[in-house]
1. Condition check: in a helix (DSSP H, G or I), in contact with a Phe, Trp or Tyr (Cβ under 8 Å, 6 or more places away or on another chain) and either surrounded by 11 or more Cβ atoms within 10 Å (Cβ to Cβ) or aromatic (Phe, Trp, Tyr) (or both). Does Ser8 satisfy that?
2. Could you please give the count of residues in the range 13-66 that are within 25 Å of Arg80 (Cα to Cα) and either modelled with pLDDT under 95 or not in a helix (DSSP H, G or I) (or both)?
3. Which residues, taken from the range 64-83, are within 14 Å of the chain's Cα centre (by Cα) and surrounded by fewer than 11 Cβ atoms within 10 Å (Cβ to Cβ)?
4. For the subset of the range 13-49 comprising residues that are under 20 Å from Gly73 (Cα atoms) and acidic (Asp, Glu), which member is surrounded by the fewest Cβ atoms within 10 Å (Cβ to Cβ)?
5. If a residue has to be touching a Ser or Thr at 6+ places or on another chain (Cβ under 9 Å) and either in contact (Cβ under 8 Å) with a residue 12 or more places away in the chain or farther than 11 Å from Val22 by Cβ (or both) to count, how many in the range 46-72 make the cut?
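The values are calculated or read from the model by the stated rules, or taken from the named source; none is laboratory data. These figures come from a predicted structure and were not determined experimentally. Please note: Cβ atoms are built from the backbone with ideal geometry, for glycine as well, and neighbour counts cover all protein chains shown.
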Amino acid sequence: MVPSGVNSRRAHAHIRQVSMYVCHVTLPLSMEEVARAFGRDRSTVSHACRMVESRRDDPAYDAFVGTVERMAGAVALLSRHAA
């Protein structure tokens, strides 16, 4: 079931933060490039990266983000080889 209302907005913001973080750290794109890609400001990307980093002390969260990083890295590698 998809959350609605405030919970939905928070869930979407959280996924967007992880996505911005992974794009910046794993791909690696500059914060300015990530901001343009997401239609946000560079300071929003900076905030997202800080939020994700601060949550990585939780082992389960760290494992989740690590999995997303590995997946994004694998896709980027495949894209470079296909080009």
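1. In short, no.
2. Result for the range 13-66: 5.
3. Pass one, the range 64-83, residues within 14 Å of the chain's Cα centre (by Cα): 64-73.
Thr67 - this is the single residue of the range 64-83 that is within 14 Å of the chain's Cα centre (by Cα) and surrounded by fewer than 11 Cβ atoms within 10 Å (Cβ to Cβ).
4. Only one residue fits best here, namely Glu32.
5. Total satisfying the criteria: 4.
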